[in-house]
1. Let me know the charge dipole size of the chain about its Cα centre in debye, to the nearest 20, where only the beta-carbon of Lys, Arg (+1) and Asp, Glu (-1) is charged.
2. With a sphere of radius 14 Å drawn around the Cβ of E96, what net charge do the other residues whose Cβ falls strictly inside it have (Lys, Arg +1; Asp, Glu -1)?
3. Can you give the net charge of the other residues whose Cβ lies under 13 Å from the Cβ of R303, counting K and R as +1 and D and E as -1?
4. Add +1 for every Lys or Arg and -1 for every Asp or Glu among the other residues with Cβ under 13 Å from the Cβ of H157, and state the total.
5. What distance in nm separates the simple spin-label points at R92 and S48, each placed 7 Å from Cα in the Cβ direction?
6. Could you give the dipole magnitude of the stretch 187-382 about its Cα centre, charging the beta-carbon of Lys and Arg +1 and that of Asp and Glu -1, in debye to the nearest 20?
7. Antiparallel DSSP bridges in the chain: what percent, to the nearest 5?
8. Choose one of S89, P254, N35: the residue whose Cα lies farthest towards the positive end of the charge dipole of the chain (beta-carbon charges +1 Lys, Arg; -1 Asp, Glu; about the Cα centre).
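Nothing in this text is a laboratory measurement; each read-out follows from the coordinates by a stated rule. In this text, all values refer to a predicted model and were calculated from it rather than measured experimentally. FYI the Cβ positions are ideal-geometry reconstructions off the backbone, even for glycines, and counts take in every protein chain you see.
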Amino acid sequence: MSRHDFQIPITFKHRIVFTRDAFAPGNVALEEILNEGGGRRVMAVIESNVATAWPLLARQVQGYLEATGLDVRAVDVLPGGEAAKADDSLVRRIWERIDSCHIDRHSYLIAIGGGAFLDAVGYAAATAHRGVRLVRFPTTTLSQDDSGVGVKCAINHFGKKNWVGSFGVPFAVVNDFAFLHSQDETTRRAGLIEAVKVALVKDAEFFKWIEANVEGLALLDPDLLETCVERSALHHARHIAQGGDPFEGGSSRPLDFGHWAAHKIEALSSYELDHAHAVAVGLALDTLYSAKVGLLSPAAAERILKVVETLHLPLTHEALDLRGAGGKRRVFDGLEEFREHLGGRLTVLLLTAPGIGIDVHEMDEALLESCIVELQDRCSLKH
């Protein structure tokens, strides 16, 4: 018997740029990124609802890329939204375009759209030729402050969120604030829940800032919104790059606070409930549970719930009431699905204070049941 162990050091550069009107003549942010990579071919895909909101965008993208001297192979408008992740049809369509446009591992694929669209495009990019260079342009609050700056990509399968996917560090992420302000008010506001989440698990001072400015954030003050998105994005990226587990080989997932329930109720609602609103419900549930088990003070829990409410986000959803065999709430199946998805033992982050989390390895379903009822009662009283 002979055994040989080798260490393979791999270093990635995670480029994140904040700008405005990235495709305007004279804005060199994207041009500098593309020049840095040295690739010559490029194709772009734009989510259809973004193209509808910006009728001249495809032409602007085409003109900008041509002006950089790149060989522009295609600028396509493709369907997006949560349906983009429902199956692999969009992924296969992008594979076909990558092949027909002869996009290789030294070429660029530019993706412009919201989180679900970027997830599906990212999975196609990560698996075509074992990885082509992806430049993400997140367009929603949620994708700019969280998912769009991450290194994961996935589609849904077997009725489960993100079951098929990969890790793929994008060549670059460009957060263009011009897109941020073009969303409808509900979408723009809802995406702030991921900023609340990362503040709660990473930065007490950031949570205090959100709390102090929550009324202005709820009114979508442009300067506050941009500041919040940028701070959140940098916290997410910093954790990935410096947290010691960028590809999630361990069981701890601090950035998934509130997500075990969120992912399950999204699936239970057949994805009619969007991710941001689902995270709000999951965050509220795990916040209250943290207080009920004595980890978090009731006063701190109340502060957090008030921030969520002031942002006009829900604390509960009807999917929580769905029950399976024996009357068990089906949302509780999300705990085992969460464990299985992450691997290893069940690990759920709870709060001991804003900005400070602690991993636990079991959840009391009877206590969770009482938390759900309390949140439902609270919402009933307010209405």
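1. Computed charge dipole of the chain: roughly 780 debye.
2. Charge balance near E96 sits at +1.
3. That sum, taken over residues with Cβ under 13 Å, equals -1.
4. -1
5. 1.7 nm
6. Charge dipole of the stretch 187-382: 180 debye, to the nearest 20.
7. Bridges in the chain are about 30 percent antiparallel.
8. Working it through, the farthest residue towards the positive pole turns out to be N35.
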